[in-house]
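Take a look at the structure set out below.
We did not get these values from a lab; they are worked out from the coordinates using the rules stated. Keep in mind it's a predicted model, so treat the numbers as computed, not measured. Counting neighbours? That spans all protein chains shown, and the Cβs are built from the backbone with ideal geometry, glycine included.
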Amino acid sequence: MADITTDVLIIGTGPAGSATAALLSTYGVENMVINRYRWLANTPRAHITNQRAMEVLRDLGRAVEDEVYLYGTDQDLMGENVFCTSLAGEEIGRMRSWGKHPLSRAEHLLSSPTHMNDCPQTYMEPVLFKTACSRGTQARMSTEYLRHEQDADGVTTTCLDRLTGKEITIRSKYFVGADGGNSKVAEYAGLEFEGKMGVGGSMNILFKADLSKYVAHRPSVLYWVLQPGSNVGGIGMGLVRMIRPWNEWLIVWGYDINGPEPEVDEAFAKKVARDLVGDPDLDVEITSVSTWTVNNMYATTLSNGRVFCMGDAIHRHPPSNGLGSNTSIQDAFNLAWKLAMVVRGQAGTRLLDSYQVERAPIAKQIVTRANKSIEEFGPIFKGLGLLDSIDPVKMQQNMDARCDDTADAEAQRTAIREAIAYKVYEFDAHGVEMNQRYRSEAIVTDGQAEPAFEKDAELHYQPTTWPGARLPHVWVFGPNGEKVSTLDLAGHGRFSLLTGIGGKGWNEAARAVGEELGIEISVQTIGPRQQWEDYAGDWARARETRDSGAVLVRPDHHVAWRSETIPDKPVDELRRVLTSILDR
Ligand code: FDA
């Protein structure tokens, strides 16, 4: 007999675990989340919060979304990505990032009702955790997961209560391992992985110093400093990363993973900070120092029976592209509604299989992209002549040569410019963030071919209602002129049908099939004198169906199915699709 019972037990209160708990509680599913520590993240870690993650927060409620904007640094202060010899020294080049370029910003504005921002994990986690607990999640801190066993009916988990030193058992129907990059759950569940851990070493130095005079005129979250000879035998690239503008900072400084882990004392940390800023007298307060490893590993199996893993537990990669916590929150959005429907008996367990089918390719994609982004610094080093010598004096001369009035120097300048511009794949890869398309049994395409990407799929988001893709965002207008995103019409833990004039039959179909299956299907009609007006014709252009057709959207905003026009028997069609998706 277990000490405690719950429907879903979640290990970890990071972005993945807290988001899962918040979503499950919002959907009305009993859940418990545990964390081995007494509180949430104590260092900022992830910052970049992309539009897709913000859409999940918006789905949790406008107040939740707004709280993240309140704490996050605004997108306008994020994007002048600088390459320099020190913050006080010479600027080598700049890349407008994170939607700063006007063309990129236009794509952001057209893609989502939300906007990117820079919210440190120390602020994001409390928002998610508070949302979860205030909506019903039972949270148990200072509780460490030790092991679990599953049988036909559920999972029994043994934890250590770190306050009493005693073991406790928790019985749950389902079990979520959101316990980070060293996941014990993934290990005990026997998940399979590809790739390698520990391919590089880095240290984080957190400090407080007012750097306004060096940065406020070129606001950015990232300042890349190239100082030949400033570390032993290396290029000497350090990153000065904004935490709060412009007086809290994080330095990322590499170390040789093949050597011993460096001991970083306060004097060393201050020296690195002053060197990278380029001000030997800088008034600097070191607040924390830690080391971490660069990983290149993703799971190929994400679940085992009633046990599901998510977040860093299944994708382990460097911070490049800022995908870590974003993808973790999106994993949660994919799994939570499926768990809710299965726990409530509205879906068969086969629906849960689609979690792995849909999210494993994303885990692989983001780990690969983040590691490739590190390699793509190579051409910048090459362009600056930093790879041609290990002598710091010669390296500096090579860098200086780019300013000469010679054909070679002009070629060098071109190479540097192009190499910096190529970093768009790390710093403005809107397609990586937004183009996720699922292929699984929880999607019904009826054989419709996937539309090919017309532009680079890593850089540009391409909206489509092809089943599996995320529902395109456009603004539509309510009876009082209120502006609402199509994404707002969907989500919220239920299926939605978006239709137009001539689609009245979908109302009856949604009512009949919803009643039969015991689920809520909301119908939203868009068109002249309908529930929602499409004055600018944006939905008519985006929907890829006729007026009487319909787009069926899953609770996680992904299109489940679409119909070009209303069929003769819409009830039969909707029943066919939903019984297939829900394994009924
Ligand atoms: P996360 O690691 O956040 O949370 C795991 C949770 O599980 C924690 O609450 C932990 O206490 C708990 N836990 C672990 N084992 C347990 C056990 N046995 N029992 C109970 N609880 C247990 N990403 C990014 O996008 N940009 C960035 O700049 C950075 N920078 C960065 C710096 C540092 C130092 C780190 C460590 C990480 C980053 N990251 C990052 C990565 C980012 O922080 C990461 O992708 C997300 O936190 C992943 O969220 P998860 O919820 O999956 O795991």
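Remark: spin-label model distance residue 218-residue 187 equals 4.4 nm, labels positioned 7 Å along the Cα→Cβ axis.
Considering the dipole of the chain built from charges on the beta carbon (Lys and Arg +1, Asp and Glu -1) around the Cα centre, which of 282, 396, 27 is farthest to its positive end? Of the candidates, 27 comes out farthest on the positive side.
Derived scalar couplings between HN and Hα for the stretch 169-184 equal 10, 10, 9, 9, 6, 9, 9, 10, x, 10, 9, x, x, 10, 3, 6 Hz in order, rounded to whole Hz, by the Karplus curve 6.51 cos²θ - 1.76 cosθ + 1.60 (θ = phi - 60°), x for Gly and Pro.
Close amide H partners of residue 562, meaning residues 5 or more places away or on another chain with modelled amide H under 5 Å apart, are 552. Here is the list for the stretch 184-235: GluC sites (Glu not before Pro) lying in DSSP coil, each with at most 12 other C-beta atoms within 10 angstrom of its C-beta, are 192.
Electrostatic tally near residue 165: other residues with Cβ closer than 14 Å to its Cβ, Lys and Arg +1, Asp and Glu -1, net 0.
Cα axis of helix 15-26 to longest principal axis of the chain: angle in degrees, 0 to 90, nearest 10? Approximately 20 degrees, to the nearest 10.
Charges on Cβ only, +1 for Lys and Arg, -1 for Asp and Glu, centred on the Cα centroid of the chain; of 500, 139, 220, which one is farthest towards the dipole's positive end? Checked the options; the winner is 500. A DSSP coil position with no more than 10 other Cβ atoms inside 10 Å describes the following trypsin sites (Lys or Arg not before Pro) in the stretch 495-569: 529. Straight-line cross-link reach from residue 270 at under 21 Å between alpha-carbon atoms covers these lysines, not counting any fewer than eight positions away in the same chain: 208, 213. Between residue 454 and residue 484, the FRET efficiency from the beta-carbon distance, with R0 = 25 Å, is close to 0.35.
For the pair residue 91 and residue 522, label points projected 7 Å from Cα toward Cβ lie 4.5 nm apart.
Basic side chains Lys and Arg get +1 at the Cβ, acidic Asp and Glu get -1 at the Cβ, and with that the dipole of the chain about its Cα centre reaches some 1080 debye.
When DSSP beta bridges are limited to those with both residues in the chain, what percentage is antiparallel, rounded to the nearest 5? Here the antiparallel bridges make up roughly 75 percent for the chain. The stretch 449-463 and the stretch 126-146 have Cα centres lying 38 Å from one another.
In loop segments of the stretch 494-559 as defined by DSSP, the chymotrypsin sites (Phe, Trp or Tyr not before Pro) with at most 12 further C-beta atoms inside 10 Å of their C-beta are 535. What separates the Cα centres of the stretch 200-243 and the stretch 381-399 is a distance of 19 Å.
Over the chain, dividing the summed -39,500 (n - 2.57) contributions of all DSSP H runs of at least 4 residues by the number of residues returns a 222 nm mean residue ellipticity of -10000 deg cm²/dmol. 3J(HN,Hα) along the stretch 413-422, derived from phi through the Karplus expression 6.51 cos²θ - 1.76 cosθ + 1.60 where θ = phi - 60°, amounts to 4, 5, 4, 5, 4, 5, 5, 5, 4, 5 Hz, with x in place of Gly and Pro.
Charging the Cβ of each Asp and Glu at -1 and of each Lys and Arg at +1, and nothing else, the dipole of the stretch 386-425 about its Cα centre rounds to 240 debye. For the stretch 1-120, the antiparallel share of DSSP beta bridges with both residues in that region comes to about 70%.
Remark on residue 10: its backbone amide H falls under 5 Å from those of 32, 33, 34, 176, a criterion applied only to residues 5 or more positions apart or on other chains, H modelled at 1.01 Å from N.
Taking label points 7 Å from Cα along the Cα-to-Cβ direction, residue 247 and residue 540 give a separation of 5.4 nm.
Taking amide H as placed 1.01 Å from N in the peptide plane, the amide H of residue 531 sits under 5 Å from that of 525, each at least 5 places away or on another chain. A simple rule links phi to the HN-Hα coupling: the Karplus curve 6.51 cos²θ - 1.76 cosθ + 1.60 with θ = phi - 60°, which for the stretch 500-512 gives x, 4, x, x, 3, x, 5, 4, 5, 5, 5, 5, 5 Hz, with x for Gly and Pro. Please report the net charge: other residues with Cβ closer than 12 Å to the Cβ of residue 89, K and R +1, D and E -1. The answer is -4.
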